[in-house]
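Accompanying notes for the structure given below.
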Amino acid sequence: MMEGTVVKVGMADLNVAAGGAALKTTGLGSCVGLTLFDPKQLVAGMAHIMLPSSDIAREGQLNLAKYADTAIPELLKQVLRLGADRRRLVAKLAGGAQMFAFSSGASDSLRIGPRNVESAKLALESLDIPVVAEDTGGNYGRTIEFDSRSGVLSIRSVQYGVKEI
Amino acid sequence: MKLFRHNPDFKMDVLREVGNIGAGHAATALSRLLDKPIDMAVPTVSFVPFESIADRAGGPEEVVVAIFLRVDGDAPGNMFFLMSRPQARRLLQGLAGFEASGEDAYSELELSALCEIGNILAGSYLTSLADLTGLSMSPTVPSIAVDMAGAILTYGLLQFGTMGDDALLIDTTFLKGEEEAEGQFFFIPDPESFERMFLSLGVPLE
């Protein structure tokens with residue numbers, strides 16, 4: 001992987017990059033985009049998480065990247081394999097919005113964004129990985145791109161343009 | 001999905017007809033509101049991978065105007081009425097003679113008008129399905145968002161999310177005249193709703 005390369009991460013998907021390549025995922029709504037980064041080895045990983053917990057999974061073959069509690073350990077495993085040092089890893093989070101506002105009787109599934117964020121933070125905490133920056137919540141969609149050279153996460157939204165964390 | 005292992009083509013045909021009837025009534029309602037003929041394309045019914053559902057609405061980053069409502073009752077599900085920004089603008093002008101303000105910004109009144117249109121259309125879609133199946137299907141209060149299609153459509157996928165990586169989508173495009181699209185209806189029944197719909201319509205499950 002080289003500088004200038006953009007590695008795409010789909011919905012309920014995860015991927016890793018190194019050596020200056022970028023990781024990108026588009027159209028995060030209630031989903032959470034999470035990145036892990038080792039600033040010395042320049043190894044990065046990104047997951048596009050859709051649901052908070054694999055406890056509710058009814059699928060035969062579990063897609064680990066879909067759930068916060070399974071995606072983060074799997075992403076950790078993959079960045080370590082690429083040469084990251086666990087003690088240096090830092091995390092950034094974006095997404096977890098609530099796109100639609102409901103006056104009353106909103107079912108729990110509509111609060112899915114905030115729940116995804118909570119669950120992702122819990123999983124990171126249990127693995128002792130600090131969250132160094134986040135841009136979560138709100139009611140708007142985000143497209144994010146992580147630069148594995150600078151460690152900058154740029155976040156684009158329709159209303160607010162581009163923001164870097 | 002297990003339910004579709006037997007006789008999948010027939011079951012898909014039934015769902016296409018369900019979409020046809022529902023969207024047909026919605027198109028009639030829209031045509032009355034605008035006092036213009038509104039036609040519709042034959043609905044497409046298919047299992048769509050999560051990753052590519054937004055491609056049906058122009059791509060994950062395409063900005064769309066979306067009215068979303070949850071369907072409650074015997075056969076719950078999610079429903080979206082999607083428009084591009086020019087389509088929404090045309091609808092507002094055609095309906096209430098709203099002058100085009102900014103191309104991108106919508107006033108509270110405009111959003112509320114669009115939401116109400118979505119409400120009326122979804123109501124006629126669901127009423128006709130409820131009549132057809134004898135199942136209770138009632139819309140919740142609709143909500144509107146103007147944002148990236150990818151971010152919006154995820155809300156329709158959550159119920160399928162725990163089961164796999166694709167969702168069954170009934171997709172109908174509204175047309176004005178021969179080919180100009182005026183909006184799109186997405187109906188995504190919850191996975192457990194299909195069995196109930198098939199039973200009530202006398203479709204053999206096995």
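Just the residues that are part of a strand (DSSP E or B) and more than 14 Å from chain B (Cβ to nearest Cβ), please, taken from segment A:17-40.
A:Ala17, A:Ala18, A:Ala22, A:Leu23, A:Leu34, A:Thr35, A:Leu36, A:Phe37, A:Asp38
Would you please name the residue that is surrounded by the most Cβ atoms within 10 Å (Cβ to Cβ), looking only at residues in segment A:137-153 that are of a type in the set (S, T, N, Q) and over 20 Å from B:Gly59 (Cα atoms)?
Among those residues, the one meeting the criterion is A:Ser148.
Take the residues in segment A:154-165 that are more than 24 Å from A:Ala84 (Cα to Cα) and outside any strand (DSSP E or B); name whichever of them is least open to solvent (accessible area, probe 1.4 Å).
The selected residue is A:Val158.
Are any residues in segment B:155-173 within 7 Å of chain A (Cβ to nearest Cβ), open to solvent by less than 20 Å² (accessible area, probe 1.4 Å) and in contact with a strand residue (DSSP E or B) (Cβ under 8 Å, 6 or more places away or on another chain), and if so, which ones? Walk me through it before giving the result.
If we filter segment B:155-173 for residues that are within 7 Å of chain A (Cβ to nearest Cβ), which is where we start, we get B:155, B:158, B:161-165.
Filter once more, keeping what is open to solvent by less than 20 Å² (accessible area, probe 1.4 Å): B:155, B:158, B:161-162, B:164.
Correct list: B:Tyr155, B:Leu158, B:Gly161, B:Thr162.
Among the residues of segment B:54-78, which ones are in a strand (DSSP E or B) and within 11 Å of chain A (Cβ to nearest Cβ)?
B:Val63, B:Val64, B:Ala66, B:Ile67, B:Phe68, B:Leu69, B:Arg70, B:Asp72, B:Asn78
For segment B:179-198, state whether one or more residues are touching a Gly at 6+ places or on another chain (Cβ under 8 Å), farther than 28 Å from A:Ala94 by Cβ and surrounded by fewer than 24 Cβ atoms within 10 Å (Cβ to Cβ).
Yes, there is a match, as at least one residue in segment B:179-198 is touching a Gly at 6+ places or on another chain (Cβ under 8 Å), farther than 28 Å from A:Ala94 by Cβ and surrounded by fewer than 24 Cβ atoms within 10 Å (Cβ to Cβ).
Output the residues belonging to segment B:121-148 that are among the acidic types (Asp, Glu) and within 14 Å of another protein chain (Cβ to nearest Cβ).
B:Asp147 - this is the single residue of segment B:121-148 that is among the acidic types (Asp, Glu) and within 14 Å of another protein chain (Cβ to nearest Cβ).
Hey, among B:Val14, B:Val18, B:Val42, which residue is among the β-branched types (Val, Ile, Thr), out of contact with any Asp or Glu (no Cβ under 8 Å at 6 or more places or on another chain) and outside any helix (DSSP H, G or I)?
Every option except B:Val42 fails the conditions.
Listed here are the residues, each with its yes/no results for (1) basic (Lys, Arg); (2) in contact (Cβ under 8 Å) with a residue 40 or more places away in the chain; (3) over 27 Å from A:Tyr160 (Cβ atoms).
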position	(1), (2), (3)
B:Gly118	no, yes, no
B:Ser138	no, yes, yes
B:Tyr155	no, yes, no
B:Thr162	no, no, yes
B:Lys176	yes, yes, yes
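Scan segment A:70-85 residue by residue and report those that are open to solvent by 40 Å² or more (accessible area, probe 1.4 Å), part of a helix (DSSP H, G or I) and either modelled with pLDDT under 95 or under 18 Å from A:Ala18 (Cα atoms) (or both).
A:Lys77, A:Gln78, A:Leu80, A:Arg81
Take the conditions among the aliphatic types (A, V, I, L, M) and within 24 Å of B:Leu158 (Cβ to Cβ) and apply them to B:Val14. Does it pass? Explain how you work it out, then say what you get.
Working: among the aliphatic types (A, V, I, L, M): yes; within 24 Å of B:Leu158 (Cβ to Cβ): no.
Taking the combined requirement at face value, the residue does not satisfy it.
The values are calculated or read from the model by the stated rules, or taken from the named source; none is laboratory data. If you're wondering where the values come from, they're calculated on a predicted model, not measured in any experiment. Cβ coordinates were reconstructed from backbone atoms using ideal geometry, including for glycine residues, and neighbour counts include every protein chain displayed. SASA here: full protein model, heavy atoms, side chains in, ligands and nucleic acids out. Shrake-Rupley method; radii C 1.70, N 1.55, O 1.52, S 1.80 Å.
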